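A quick write-up on the structure given underneath.
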Amino acid sequence: MSPPDSAEALDTLLAGARALADHAPYPRVLLAPAAWERLAGELAAGTLDLLAFFGEAGAVHAVVRAPGSGRIAVLSLACPEGRFPSLGRVHAPAIRLERAIRDLHGLVPEGAADARPWLDHGRWPGSAGPVAYPFLAAEGDNLHQIPVGPVHAGIIEPGHFRFFASGETVVRLEARLGYAHKGTEALLAGADLVRAARLVGRVSGDATVAYGIAFARAVEAALRVPPPPRADWLRALMAELERIANHLGDIGAICNDASFTLLHAHLGILRERTLQASAAAFGHRLMMDRVVPGGVAVDLAVEGAAAIGRLIRQVQAELPELIDLYDNTASLQDRTVATGIVGAALVRRFAAGGFVGRASGRAFDARRRVPYPPYDALRFDVPVLNEGDVNARVWVRIREVQASLGLLEQILAGLPGGATRHALPEGGPGAAREGLAIVESFRGDVLVWVRIGADGRVVRCHPRDPSWFQWPLLEAAVEGNIVADFPLCNKSFNCSYSGHDL
Amino acid sequence: MRKRLFQNILTRPVTIDAPAPGEAELAAVAAALQERARRCLGRSLAIREVDAGSCNGCELEIHALNNAVYDLERFGIRFVASPRHADVLLVTGPVTRNMEEALRRTCDATPAPKWVVAVGDCGVDGGVFRGSAACVGGVSAVLPVDLRIPGCPPTPLDLLKGLLALLEGQATVKPRAAPR
Ligand code: SF4
């Protein structure tokens, strides 16, 4: 997979294809059926990464990125007959996306390897009713099945896991998701931008800031209204607070799943302090609805900078000792080291983002690779490890907390003055416009694609959670591990159910 | 680790020590809750949380109840792994159609007497997802609800106050023997 090849592959696909619509900041083109087949080949060969794949009435859209050059494009295919040649047939990461496209839009992936429904459990109005879900079979002597969920033992989101185990060892895990499907995309269609921003901010509550920024940036790209610089910086301030809070919570929860509650308790306090500082600075512990298209809804509160300053000092003072404890507790290391390994090849193939990708050698962080302000003006490390185990995913988080603390300091020091919000064109842009944005959430890259109608309302919006490309890797990570280590592996991934189920 | 543990013994708990917004209020709620919980249920109230399709925002704040700052367990209130051990179902989310049956079955598996608490704007009436064809819309569309704790998401303090209100009510009103 050499960089020049990947750029060429994209060029070849773009050349001769018809450029479509008013799409910003990346091109969107309509592929001919032959070019669609070529796209499938490039994905299978690994020359292009699949970033998103979604449908609407009569068309499917694949968002791809050339990993070498970093160029991004949206490749569309018209489906007048209600079918399209499957990409999942040759590129496994597309399989669940295609199953979702079929469930939500009725478009049939031709030649697909897996024809089972995915989000549709047979319970939506007008459907035929639920049928038993045919889990893939695992064959062998003395295998037994363990069904778990959708209601779990802990306070976590709903989903079903089917383990095929031989004694203690997991032979295969298959997840069944979709329980949290709320019909968010259907609600987005026709929504005004205020309501749409609230909806996208609730695709996955733990990443509400990142989703808010991605939606706002997609809208701002479509409408050609960049936010004022102060808004960009305040957004980043919120995004880094969100990252710190989630990482601290995750590291603690992973230790908790290894029955090491002491770290969980201490990191839980630091997480709580982060949420309190966020509330002091922006008036909401999770900072929901603070990012809006055009800028931010609230400026940094007067006492906000001081609260964040105190937080930085507290975390900097207490974290090193906690990290030492993590690193020097043999019983804990015994659980996390060499557990739940994901190989680099698999991570690359799925273009998995976040700590899942970066713990297995994939150095992708949207803040660096698809740079957006203010990160292009800030210094920060993007930690990348190669072990791919639970421990590596913990360490990527630890280093990212440290990097984010540095970012908070830089942002507070460099925060420009001026307006916090620009008005969007009243009554809409007068013609349909489309925009795309990619933003690094704590979990990985969030992608939002939006089409805005002439009247300024959302016609179609697709928020793509990083979990789409992480959930399948969890199944690979767990294989060969003991059943008792599943919670640990699962927590180290911390995929979003809601973000995936939409 | 030993050093850390010793330190913890020698320092005062964060629950009382750290002054931050709302923590004076927290102490008042704490005292009242403890009193009520004891009177109604001896010393324990077991809560089973059910996510009926939330955005996970509500879960984050429910989790926070267990951290050292709010420390729910000191009131004898704790989260349990099985509905069969629960007195209270704490339900979040707009109840997706895909979770409706699982929620009902979880409630059926909970022994009486039991209370159902709808958490968050979604749990109360579907919240921002109200009107979606993929959601039933609010817990009360599926189960009889004893208490609503609105908010998007409700803060841990809101949740504590809500649980207190539930216990207040239960001091006079008997729980439903066999809700369905
Ligand atoms: S009430 Fe708000 S935070 Fe809670 S699940 Fe609904 S949208 Fe999420």
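The values are calculated or read from the model by the stated rules, or taken from the named source; none is laboratory data. The structure presented is a predicted model; accordingly, all values stated were derived computationally and were not measured. Counting neighbours? That spans all protein chains shown, and the Cβs are built from the backbone with ideal geometry, glycine included.
Observations, loosely collected:
- Taking the criterion of being within 22 Å of A:Arg28 (Cα to Cα), assigned to a helix (DSSP H, G or I) and of a type outside the set (Asp, Glu), the residues of the range A:76-99 that qualify are A:Pro93, A:Ala94, A:Leu97.
- A:Arg102 falls short on exactly one of the conditions (1) in contact with a Leu (Cβ under 8 Å, 6 or more places away or on another chain); (2) more than 20 Å from A:Ala17 (Cβ to Cβ), and that condition is (1).
- Among the residues of the range B:144-160, those identified as β-branched (Val, Ile, Thr) and away from chain A (no Cβ under 12 Å) are B:Val145, B:Ile149.
- Residue count, the range A:257-295 (criterion: facing chain B (nearest Cβ under 10 Å) and either within 16 Å of the ligand (Cβ to nearest atom) or not aliphatic (A, V, I, L, M) (or both)): 15
- Applying the criterion of being part of a helix (DSSP H, G or I) and within 11 Å of the ligand (Cβ to nearest atom) to the residues of the range A:191-206, the residue that is farthest from the chain's Cα centre (by Cα) is A:Arg198.
- Restricting the range B:162-171 to residues that are in contact (Cβ under 8 Å) with a residue 40 or more places away in the chain and in contact with a strand residue (DSSP E or B) (Cβ under 9 Å, 6 or more places away or on another chain), the residue that is farthest from the ligand (Cβ to nearest atom): B:Gln170
- Just one residue in the set A:Glu400, A:Glu409, A:Glu434 is at pLDDT 95 or above, outside any loop (DSSP other than H, G, I, E, B) and surrounded by fewer than 18 Cβ atoms within 10 Å (Cβ to Cβ); that residue is A:Glu409.
- Criterion (of a type in the set (A, V, I, L, M, F, W, C) and either at pLDDT 95 or above or closer than 15 Å to A:Phe442 by Cβ (or both)) met by exactly one of A:Ala258, A:Ala253: A:Ala253
- Hits in the range B:118-161 - residues which are within 13 Å of the ligand (Cβ to nearest atom) and out of contact with any helix residue (DSSP H, G or I) (no Cβ under 7 Å at 6 or more places or on another chain): B:Val124, B:Asp125, B:Gly126, B:Arg130, B:Asp158
- Qualifying positions in the range A:79-130 - within 14 Å of chain B (Cβ to nearest Cβ) and over 19 Å from A:Asp501 (Cβ atoms): A:Gly126, A:Ala128, A:Gly129
- So A:Phe54, is it over 18 Å from A:Ala437 (Cα atoms) and surrounded by 16 or more Cβ atoms within 10 Å (Cβ to Cβ): no
For (1) under 24 Å from the mean Cα position of the chain (by Cα); (2) not hydrophobic (A, V, I, L, M, F, W, C), each residue gets a yes or a no:
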{"residue": "A:Asp232", "(1), (2)": "yes, yes"}
{"residue": "A:Ile251", "(1), (2)": "yes, no"}
{"residue": "A:Ala277", "(1), (2)": "no, no"}
{"residue": "A:Val298", "(1), (2)": "no, no"}
{"residue": "A:Ala305", "(1), (2)": "no, no"}
{"residue": "A:Asp334", "(1), (2)": "no, yes"}
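- Positions within the range A:184-225 being touching a Phe, Trp or Tyr at 6+ places or on another chain (Cβ under 9 Å) and of a type in the set (Lys, Arg), in sequence order: A:Arg202, A:Arg217
- Residue that is surrounded by the fewest Cβ atoms within 10 Å (Cβ to Cβ) [pool: residues in the range B:109-139 that are over 16 Å from B:Glu49 (Cα atoms) and more than 13 Å from chain A (Cβ to nearest Cβ)]: B:Ala112
- Considering (1) out of contact with any Asp or Glu (no Cβ under 8 Å at 6 or more places or on another chain); (2) within 14 Å of the ligand (Cβ to nearest atom), the lone condition that B:Ile62 does not fulfil carries the number (1).
So that you can scan it fast, the table gives a plain yes or no per residue for (1) under 30 Å from A:Gly340 (Cβ atoms); (2) facing another protein chain (nearest Cβ under 10 Å); (3) touching a Leu at 6+ places or on another chain (Cβ under 7 Å); (4) free of Cβ contacts under 8 Å to residues at least 40 places away in the same chain:
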site	(1), (2), (3), (4)
A:Thr169	yes, no, no, no
A:Glu174	yes, no, yes, no
A:Ala196	no, no, yes, no
A:Val219	no, no, yes, no
A:Leu248	yes, no, yes, no
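- Counting the residues of the range B:52-107 that are outside any loop (DSSP other than H, G, I, E, B), at the interface with chain A (Cβ under 8 Å from one of its Cβ atoms) and closer than 24 Å to A:Ile269 by Cα gives 9.
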